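These notes concern the structure reproduced below.
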Amino acid sequence: MTLDEIDLKLLQAVQTNNRLTSDELAELANLSPTACQRRMKRLRATGVIEGDVSIVSPKAVGRPFSMLVLVSLERERADIIDRFKAAIRATAEVMTGFYVTGDADFVLVVTARDMEDYEQFTRRFFYENADIKSFKTIVVMDRVKAGFSLPIEL
């Protein structure tokens, strides 16, 4: 799908604030509200916009601990990789998962209530999975920036 300058303006705006009204988007894009609604609907339908999310404070919901976890699998076989991807998607504590190149096969962002909670997670998610060769945990001391905004050049 080819994105024009108006699409890029809309994407830039909703990345920063996904609660803008059609009237506010129309003003930014110099279009009618109806035309903006049609474009936004198309951007969602084609997968350019993957969802509308809010960034929630981990402390506010009792999950102040975040860890980056580097995971290495026993073997790099398609069925093992697919099985681990499915486990990531099905596990609420895994906030984000990346299939990567380099020293690890996956990098996960994991949330926990405390270190005891994280230990229970590791026992259930890593130690009970025979496909996992090893994992390394990096504890986050401070979340400096959180978001999904991409730089969009107009």
PRE zone check, label point 7 Å out along Cα-to-Cβ of ALA130, amide N under 18 Å, scope region 63-101, hits 73-85, 87
Label model pair THR96, ARG113: point-to-point distance (7 angstrom along the Cα→beta-carbon line) in nm is 2.5
Per the helix-only model, the chain has a calculated mean residue ellipticity at 222 nm (DSSP H runs of ≥4, -39500 (n - 2.57) each, divided over all residues, rounded to the nearest 500) of -10500 deg cm²/dmol
Expressed as a whole-number percentage, the relative contact order of the chain with C-alpha contacts under 8 angstrom and at least six residues apart is 28
In region 83-133, the GluC sites (Glu not before Pro) that sit in a DSSP loop and have at most 15 other Cβ atoms within 10 Å of their own Cβ are GLU128
Each label sits 7 Å from Cα toward the beta-carbon; between ARG89 and VAL56 the label points are separated, in nm, by 2.1
Full extension between LYS41 and VAL139 adds, at 0.36 nm per residue less the Cα distance, a length in nm of 31.3 nm
Most exposed first, judged by fewest Cβ atoms within 10 angstrom, LEU150, LEU28, LEU10 run LEU150, LEU28, LEU10
Taking a crude spin-label model, label points 7 Å out from Cα along the C-beta direction, the GLN120 to LEU154 distance in nm is 5.0
Here, the chain modelled as identical Cα point scatterers in vacuum has Debye log10 I(q)/I(0) at q = 0.14, 0.17, 0.19 Å⁻¹ of -0.84, -0.99, -1.09
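Could you tell me whether region 5-45 comes out rounded, prolate or oblate from its Cα gyration tensor? Rule is a ≥ b ≥ c as square roots of the eigenvalues, rounded for a/c under 1.5, then prolate if a/b exceeds b/c, otherwise oblate. Could you put the intermediate results ahead of the total?
Working: a/c = 1.24, a/b = 1.03, b/c = 1.20.
In terms of gyration-tensor shape, rounded.
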Restricting to aspartates and glutamates and to Cα separations under 12 Å from LYS41, and discarding same-chain partners fewer than 8 apart, the set is ASP7, GLU50
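Quick check on region 1-78: take the gyration tensor over C-alpha atoms, sort the square-rooted eigenvalues as a ≥ b ≥ c, and tell me if it's rounded (a/c under 1.5), prolate or oblate. Let's see the in-between values first.
Details: a/c = 3.72, a/b = 1.71, b/c = 2.17.
Oblate.
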Expected sort for PHE65, PHE121 with the fewest Cβ neighbours (10 Å cutoff) up front is PHE65, PHE121
Toy charge model, Lys and Arg Cβ at +1, Asp and Glu Cβ at -1: the chain dipole around Cα centroid in debye, rounded to 20, equals 260
Fewest to most Cβ atoms within 10 Å: TYR99, TYR118 sort as TYR99, TYR118
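Values in this text are rule-based calculations from the coordinates and carry no lab data. Note that the coordinates shown come from a computational prediction; the quantities given were computed from them, not determined experimentally. Virtual Cβ from ideal backbone geometry, glycine too; neighbours counted across all protein chains shown.
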